[in-house]
Amino acid sequence: MSRLYDAVVIGGGPGGSTVATFLARAGRRVVLLEREKFPRFHVGESLLPFSLPIFERLGVAEKVRSAGFQVKRGAYFWNEETGGIRPVDFATGIDDRHPSAYQVKRADFDHLLLSHAAESGAEIREETAVARVVFDGTRAVGVVARPRGGAEEEIRARVVVDASGQDALLSRQLGTRRFDRRLKRGALFAHYDGIRWPEGQRPGDILLPIDRGVWYWIIPFSDASCSVGAVFEPSLVRTGAGEKASLEERFDWLLARSARMTSILAGSRRTSRVFGISDYSTSSARAAGEGWALVGDAATFLDPVFSTGVFLAMAMGERAARRIDRALASRGEVRAADLQPYSREARRLVARFRRFVYAFYDPVFFEAFCTRDPFEKMRAAVTTILSGGVERVPFMSRIWIELVFLSVGCDRFRRKVGLGPKPENAAA
């Protein structure tokens, strides 16, 4: 008779490793199935400061500290259309307990988390692809998986957690996956050596030039290499670089159209192939159900601009694990009602970031963000949100944030009635 697990987790990225670790440390029988062999390349290398308390609760903080990752203390935005800038210093947030984070090569970081899950007692099966989730009526009861070179097998569990990332295996199977039409964009990215850090810029910060509808990232690593990327509307590249252009040709075209990126990359060398992804801003109509839960990108992914992906995956993973453990302890099964609080918590976390992601692509908001010197409390409240401080937002911080959006709304109205200049189309 095959073994019945308490939980089967699909995917070994940060969300899956977090769920598996917390459940294993709680004494649950957990098997994690990962399609690839770690370490492997992945994008999403810039972490948020509020990830650090999760590392502590996960028991992995010292391993992360000892790994030698690049310390990140903030971000720097350039509005190339207007000349405006906005440095973001995490230490100046209203909640300043977490003034820094890390820039990480995800191959190393994800491998560290997955290994920690194994050391915590989770059973890890790499190179094992999940074909589908098995249901008994409306209840998820396991998965059908195939190890590389092996035969399909059915693995039974009391709960199935889908942390399969952009593959979004379960929401595709259930037909609950949907795309965010307001964030329909693509991204190209690669790793580089030999980038000369711009004079006057603090080492370790993520740099974000925004120029004529395209925004770029430069993420420095501790070995002096960098991740370089561009985010754009797909039609722009198809028109500019040509329908038949390769990923490399499209990426080169995007980089060449930015004077700042051309200057920063002068003399550098691309050390990886160019990767691409599009239509990545997705969510599921449901985050949990009878015997199943979605975590991280499998539940929702907003946009890479504020580096929220890893934080949200781990924050969701911790919350899902907590609710699952409570349900298993009380009745030995996981019902949809047990996971309703998790669904609400996950939606709330994402919604607080989503508002700022939408605002980033609003030319009026972005121009104000990069040119207007806000009241100190407004700036500090926004900085805390961009640091990942979305779990418990103090009442006064919410007031200051509302004032930020009210100010931008008034500015938009003045422009609409002809009392102010029209905004440049910097990030739209």
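Taken together, the values in this text are just the output of simple stated rules run on the coordinates, not laboratory data. Fair warning: this is a prediction, and the values are worked out from it, not measured in the lab. Methodologically, a virtual Cβ is constructed for each residue, glycine included, from the backbone with ideal geometry; neighbour enumeration extends over all protein chains shown.
Worth a mention:
- Across the range 160-265, the relative contact order, built from alpha-carbon pairs under 8 Å that are at least six residues apart, equals 25 percent.
- Most tightly packed first, judged by the mean number of other beta-carbon atoms within 10 Å of their residues, the peptides 293-302, 111-120 read 293-302, 111-120.
- Dividing the mean sequence gap of close Cα pairs (under 8 Å, 6+ apart) by how many residues the chain holds gives a relative contact order of 21 percent.
- Summarising the label geometry, the points placed 7 Å from Cα in the beta-carbon direction at Thr176 and Glu56 lie 3.3 nm from one another.
- Ratio of Rg to Rh for the range 170-220: 1.17 [Cα atoms; Kirkwood radius as inverse mean 1/r over pairs].
- Stokes-Einstein D (µm²/s) once Rh is taken as the Kirkwood radius of the range 197-264 over alpha-carbon pairs, at 37 °C in 0.692 mPa s: 255
- Protection-proxy order for peptides 382-392, 233-243, each taking the mean of Cβ atoms within 10 Å per residue, highest first: 382-392, 233-243
- Approximate shape of the range 304-377 as ellipsoid semi-axes (Cα gyration tensor, √5λ), whole Å, largest first: 37, 10, 10
- Rg followed by Dmax, in Å, when the range 308-428 is reduced to its Cα trace: 18.9, 64
- Prolate/oblate/rounded call for the range 11-64, Cα gyration tensor, a/c under 1.5 rounded: oblate
- Pairwise label distance in nanometres, Arg148 with Arg414, each label 7 Å out on the Cα-Cβ vector: 6.0
- Label separation (Glu249 vs Ile399): 5.8 nm, computed from points 7 Å beyond Cα along the C-beta direction.
- Cβ-Cβ FRET estimate between Ala67 and Gln166, R0 fixed at 25 Å, reported to 0.05: 0.50
- Under the Debye formula (equal points on every Cα, no solvent term), log10 I(q)/I(0) of the range 86-242 at q = 0.14, 0.19, 0.20 Å⁻¹: -1.07, -1.24, -1.27
- Sites Gln201 and Thr271 - FRET efficiency at Förster radius 22 Å, r taken between beta-carbons, to 0.05: 0.55
- Based on C-alpha pairs under 8 angstrom that are at least 6 apart in sequence, the range 185-235 has a relative contact order of 46 percent.
- Remark: the Arg212-Glu126 segment gains 26.7 nm on full extension, using 0.36 nm per residue and subtracting the alpha carbon distance.
- Over the range 99-153: Rg over Rh, Cα atoms, Kirkwood Rh: 1.14
- Fully extending the segment from Gln340 to Ile85, taken as 0.36 nm per residue of separation minus the present Cα-Cα distance, adds 87.6 nm.
- Modelled FRET efficiency - R0 45 Å, Glu233 with Asp108, Cβ distances, 0.05 increments: 0.90
- Tail weight of P(r) past 20 Å, computed on alpha-carbon pairs of the range 250-307, percent: 53
- Spread of Cα-to-Cα distances over 10 Å intervals beginning at zero, given as percent, for the chain: 4, 21, 31, 26, 13, 4, 0, 0
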